[in-house]
Every structure is written in C-alpha cells, then in structure tokens.
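Before any comments, here is the structure.
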Amino acid sequence: MEYLKRIDETKDEMIKTLQELVSIKSVEDKPAPDAPFGKGVAEALDYMLQKAEAEGFDAENIDNYGGHIEFGGYTLDEEGQIVGTSEEVMGIIGHLDVVPEGTDWEYDPFGGIIADGKIYGRGTVDNKGPVVAAFYAMKALKDSGYVPEKKVRLILGLDEETNWKGMKHYLSKVKAPDFGFTPDAEYPAIHGEKGIMVFQLAKKIGKTTGKGIELRSLKGGNAPNMVADYARAVIRADKMEAYEKVKELAAEYRNTSCTEENQAAYGAKINCKGIGKSLEIVAQGVSAHGATPENGVNAISVLMDFLRKIDIINDDVNEFVEFYNQHIGFELDGKSMGCGFSDEPSGKLVFNVGQVELEGEAVMLTVNIRYPVTLNDDKVYEAMMPVINKYNMGIIKIKSQEPIYMPADDPMIETLMDIYREHTGDREKRPIVIGGGTYARAAKNIVAFGSIFPEDPDPSHKKNEFIEIDKLVLNAKIFADAIYRLTH
C-alpha cells in the first residue's frame, strides 16, 4: 500500500526525530513554571507538538500535563468533499517521560548514538521510539491521502513511569478515546495486564551502642519499577582489622556467589574501599524492568546477601537483614513473603525490590508487585501481613492499579493479531497477558500492542537501551496498518 512505501521513504527523517527526542532528558523532575513534571519533560512535549504542527496535524497542549496529535474524523463523498464528521476517537497512547538512566552505559544515554544498526539511548524503546513510529505511521497515512472516518489521536503522556497524574488531568479535560492501543509493551496483542502495587516496608532502627561494626548508611536502586543495578552500604568499625576481614569476605563472595554457577547473583559485582574512617561496600547488579526482574540481577539483594556475613552490632539492623534474606532474597514470586499467588490466565505474581534506604531511625524498602488478573491488592497485602508483623515493620501504600483483562477472541484483539501475523509471518504466537503496567489502564477498550518482538531482548529500563532501526521502521508499518484497519 502507498502509505507503507512512504514509511520507507521517511526512514532517515524518523531516525533523526528519534535522536532529537532522545537527546531531551525527560526524567520527571521538580515542578517548574509551565512544567509540572520538570523542564525536560515539558521540552519533550513541546518538541513533539511543534513537529506535528509543522507536518499539518492538529496538536493540543493540555495545561502542560499532556497533549495530543490528531487528524481525520471525516466522511467524504465520491468527489472527496467532507459530508460528515465523527466524534469517535481511535487513540494511540504513548509517553515521553523516561526512567533515570542508571549507570555504566557504553553510550551517552541521551546521545541517540547509532551503532551496529541500532539507536542507543534512554527511551528508544520505552517509549519515545514507539511514539515516533506511531507519529510517522500517521504521517504516512495522511500524506498518502487517507482520511479516516474516525479521529486518530496520538496521546502524549508525561508521567507514565511515576504517578500518572498527567494522564488523569488530561482525561479530565479531554474525552477519552473510544478504543485503541498503546505501543508500550510487546508483541503480539496483549489482552491482559497484571495488577500493580507499590508500597514501602519501614522498620525502625534503634541507636547503635557498643563497639564493633556499625552500619552507617544503606541506599540502592533508582525507581520502584526497575531492578536495582546499584546498592551501597557504609560501615564503621572501631578496629582496622575488621575492615580487612570484610574485604576478605568480599573477595570470597566475588569468587563464589557472583559466578555463573549461582544464577541469582551471576553478573553482579561487589567491591569495598575506604572512605575516611569508614568502609564503603558497593554492589553492582544488572538493571531490568520491574515487570521482568528475571532479566536482571538485583544489586540490593546482592548487598543484603553479603551483609548477612558481617557481624553488625545493631540488633534492629541484623533483624532487617535476616528478614530480607529469609523472605525476599533472590526470589521473584513472593513465595517466602506469603504472597506467591498465580492463576491460569496470567501466571505467577512478580515481586521486585526497587529501592532501599536507611535514613535516620528507619530503613525503607520500596517494593513493586505485579499480581495475577484474578486477584486484588487487598488479598496480596493480607497474605504478607504475618511476615510484616513478625518483624515489627510498618507498611506504606503508595500506588495501586487494578488488573485489566479482555477476552482473547475480542474483535479488536483478533484484528491486531492478524496485522502482527501479516507483517511477521509468525502464526504460532497467541495473545498474551503481561506483568507490565501500560496506559491500556487509562481508558476502556485500550490494549497494549508492540513494540518489542517476541524474539528480541527487552532493553527497557536497562543500561544501553536501544532500538534496532529496522524494527523502528517495522513498528511504524504495523501501526499504520492498525490505524487503517481500525478506522476504515
């Protein structure tokens, strides 16, 4: 079809647009005038809206809390004259904010560097790349003369990685789309998403008295929905010999635990160095999305596993270390916390520790759980309470998103599956349920569709995040066909 050829013709332009968008560090930051999620996020929104207006699309900024790009919604007669309009909206919901970059990148995380047929940078997959692909899908359709009978609206969210306040504000001012998809997950079509809960476990830490090794600080992780790739502890001892013993333990740990034989910690690193009169212990893991922690190695778990080998003199600290290792450790399904649930449509619960911090008289552990679609968060909390109470911890509920589920034989799911099969030749895959939380939850009749292909790794939230240029173009073609088929 003509619009698919146009996508090939705009390949270089698409690449340049993504590079420019990636160069904008749109990690949520402190509010500023006309920038409720920080200047970087506001700049990314302005960039896309200006790009859209330059291409002849209607573009709207909703109080800097979100925006959209749209065209169509007209019925034409045989001569191409408008004879009717439609208020029905097919939405494509993406987001321009990104998670923090983390550490140890081989490429500038905001450089949009091209190497080996890939574009590297934070957001190339999650979610700037798919947004750009959707935009050029719309452009190809419009430039080829296609006028959809339903409005096609690319909605730009600004705080998807955090609290969704922007989308809530946007939808309070703009009618929600009637149906559509969000290109913020994987292929093939996704007909369900697990429930999501984010909470903190807090334990009071009494004052340390006596002589020995004292834990002065503990901190790790960048965000609840990321597998922590870095964790740091600082200890203080009254004798230098204690530091030498800890260094020996670290060397032994590196040689035994951080090896291929121990898959839980394989790929991790643990090192010690003196800082003044204290000793710093650093664990480095492998970052991954919190919905798929099996793809990473949690540096917090590595550090906590190591700390249990040290004779710390504070009983509260020791109790916390014991709790972590006995009830969390390297487990990813919550079984030892009492919440190891599963169901037939969506499989096992996913338990990810995203952050830890010892501050003042308390240690805080931030946890992100993805639970099966047939459950609710009350049941999960209830199941964990015996363990939480045993260790005299408090619980602070931060975020809750109910699961969503659509039958696999729903007409829209079947249409998207047909499009996926036509472009990939993959006749084996079936609609899936995921642990990720996407903007499919923002409105009714929205499903996740793309952008990662089944055979490809998921670099979301990881260092050296990338998108293959050929896959960027293929996504644009799939999205174009989806727009055409769903609005024709």
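The values are calculated or read from the model by the stated rules, or taken from the named source; none is laboratory data. Just so it is clear, the model here is predicted, and its values are computed rather than measured. Positions of Cβ are generated from backbone atoms using ideal geometry, with glycine treated the same way; all protein chains shown enter the neighbour counts.
The table below gives the values:
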{"quantity": "Only listed residue being in the same structural domain as GLY112 (by TED's automatic domain parsing), under 18 Å from ASN64 (Cα atoms) and not hydroxyl-bearing (Ser, Thr, Tyr), chosen from LEU158, LEU141", "calculated": "LEU158"}
{"quantity": "Selection count, segment 203-231, where residues are within 24 Å of GLY394 (Cβ to Cβ) and in a strand (DSSP E or B)", "calculated": "11"}
{"quantity": "Top-ranked residue in segment 444-475 [being part of a helix (DSSP H, G or I) and charged (D, E, K, R); ranked as surrounded by the most Cβ atoms within 10 Å (Cβ to Cβ)]", "calculated": "LYS471"}
{"quantity": "Looking only at segment 163-182, and only at residues there that are in contact (Cβ under 8 Å) with a residue 60 or more places away in the chain and among the hydroxyl-bearing types (Ser, Thr, Tyr), the one that is nearest to ILE483 (Cα to Cα)", "calculated": "THR182"}
{"quantity": "Hey, GLY340 surrounded by fewer than 23 Cβ atoms within 10 Å (Cβ to Cβ), out of contact with any strand residue (DSSP E or B) (no Cβ under 9 Å at 6 or more places or on another chain) and either free of Cβ contacts under 8 Å to residues at least 12 places away in the same chain or part of a loop (DSSP other than H, G, I, E, B) (or both) or not", "calculated": "no"}
{"quantity": "Candidate set: segment 1-33, residues that are acidic (Asp, Glu), part of a helix (DSSP H, G or I) and in contact (Cβ under 8 Å) with a residue 24 or more places away in the chain; chosen: the one farthest from ALA223 (Cα to Cα)", "calculated": "GLU2"}
{"quantity": "GLY91 vs. criteria of a type in the set (Gly, Ala, Ser) and not in a strand (DSSP E or B)", "calculated": "no"}
{"quantity": "Unique residue being in the same structural domain as PHE71 (by TED's automatic domain parsing), under 28 Å from the mean Cα position of the chain (by Cα) and more than 12 Å from TYR439 (Cα to Cα) when the list is VAL132, VAL147", "calculated": "VAL132"}
{"quantity": "Pairs where the first residue, in segment 183-196, is β-branched (Val, Ile, Thr) and the second is in a strand (DSSP E or B) and modelled with pLDDT of 95 or more, C-beta under 6 Å, 6+ apart", "calculated": "ILE190/VAL447; ILE190/ALA448; ILE196/ARG370"}
